[in-house]
1. Does any residue of segment 97-117 turn out to be modelled with pLDDT under 90, loosely packed, with under 10 Cβ neighbours inside 10 Å and more than 16 Å from V49 (Cα to Cα)?
2. Restricting attention to segment 138-184, and to residues there that are in contact (Cβ under 8 Å) with a residue 60 or more places away in the chain and of a type in the set (D, E, K, R), which single residue is nearest to the ligand (Cβ to nearest atom)?
3. Sort out which residues of segment 160-184 are under 22 Å from the mean Cα position of the chain (by Cα) and loosely packed, with under 10 Cβ neighbours inside 10 Å, and write them in order of number.
4. Pull out all pairs, ordered by first then second residue, where Cβ-Cβ is under 8 Å, the residues are six or more apart or on different chains, the first lies in segment 125-137 and is within 14 Å of A111 (Cβ to Cβ) and in contact (Cβ under 8 Å) with a residue 40 or more places away in the chain, and the second is of a type outside the set (D, E, K, R) and surrounded by fewer than 18 Cβ atoms within 10 Å (Cβ to Cβ).
5. Determine which single condition D25 fails, assuming it passes every other condition in (1) more than 16 Å from the ligand (Cβ to nearest atom); (2) over 18 Å from the mean Cα position of the chain (by Cα); (3) acidic (D, E).
6. Looking at D73, D54, can you tell me which residue is surrounded by 13 or more Cβ atoms within 10 Å (Cβ to Cβ), out of contact with any strand residue (DSSP E or B) (no Cβ under 9 Å at 6 or more places or on another chain) and farther than 21 Å from C145 by Cβ?
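The values are calculated or read from the model by the stated rules, or taken from the named source; none is laboratory data. Small disclaimer: the values here were computed from a predicted structure and weren't measured. Reconstructed Cβ throughout: ideal geometry from the backbone, glycine too, with neighbour counts over all protein chains shown.
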Amino acid sequence: MRFIDLVRARESCREYTDRPVKKEDLCTILEAGRLSPSACNIQPWRFFVVHEGDLVGKTAKCMQGMGMNRFTDQVPAFIIICEQTTNLKQTVASGIGGHSFAQMDIGIAAAHMMLCARTMGIDSCIIGWFSDKKLRELLNLPNGCKVRLVLALGYGKKAEPRTKRRMEFDDIVTFVETPKKKGE
Ligand SMILES: Cc1cc2nc3c(=O)[nH]c(=O)nc-3n(C[C@H](O)[C@H](O)[C@H](O)COP(=O)(O)O)c2cc1C
């Protein structure tokens, strides 16, 4: 499959069957995250996987509230993507230009994992709406680890992706022209 077709085939899935995701498949997806690029190769991510027993349902509840993310009750596996915040090199690197490179790195890792999952027929949804406090308590996450994103993974009910709602190409892309010299 061409990469652009993979990108087109991926969408945020909010309807899952009850088919579980095999641990070996989760490991392949996690490997895609591990191999992602990061600023200064700091690799600020730590991945916590929930895929067994009643912990899955309890984890889903940490992402729900104000009508958000109710669909997570059907999700069979979650990867909790944390930022290791106690790395001095990272703190210095992230200070450059006022960027939070670590958070960018986490987003890139999530994208790698999502797309890797899609190649395996596994659907996903990035979840940014969650309670860090609830997840921390439930999963006993270590200090110095801040939850940045959660990746929901499973087998979607839909066969075909919906039409993507996106801004028009020309509204977001500018090919910057080389200024013409006088007389050209
Ligand atoms: C950082 C981030 C956080 C997101 N958080 C949520 C979320 O909490 N719940 C949800 O249902 N979708 C969430 N999404 C999915 C977006 O709504 C979705 O990517 C967007 O609407 C585009 O749709 P598509 O992914 O199907 O192409 C999130 C996506 C990103 C990148």
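1. Keep residues of segment 97-117 that are modelled with pLDDT under 90, which gives 97-100.
Subset that is loosely packed, with under 10 Cβ neighbours inside 10 Å: 97-98.
Still in the list and also more than 16 Å from V49 (Cα to Cα): 97-98.
Yes: segment 97-117 contains one or more residues that are modelled with pLDDT under 90, loosely packed, with under 10 Cβ neighbours inside 10 Å and more than 16 Å from V49 (Cα to Cα).
2. Step by step, filter segment 138-184, then rank; the result is K164.
3. Kept after step one, since they are under 22 Å from the mean Cα position of the chain (by Cα), are these residues of segment 160-184: 160-167.
E160, R162, T163, K164, R165, R166, M167, listed by residue number.
4. So the pair list comes out as C125/S12; I126/S12.
5. (2)
6. Details: D54 fails: surrounded by 13 or more Cβ atoms within 10 Å (Cβ to Cβ).
The unique qualifying residue is D73.
Here is a yes/no grid of residues against (1) in contact with a Phe, Trp or Tyr (Cβ under 6 Å, 6 or more places away or on another chain); (2) free of Cβ contacts under 8 Å to residues at least 60 places away in the same chain:
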| position | (1), (2) |
| --- | --- |
| E24 | no, yes |
| I29 | no, no |
| S36 | no, no |
| I42 | no, no |
| F48 | no, no |
| T59 | yes, no |
| C62 | yes, no |
| M66 | no, yes |
| Q74 | yes, no |
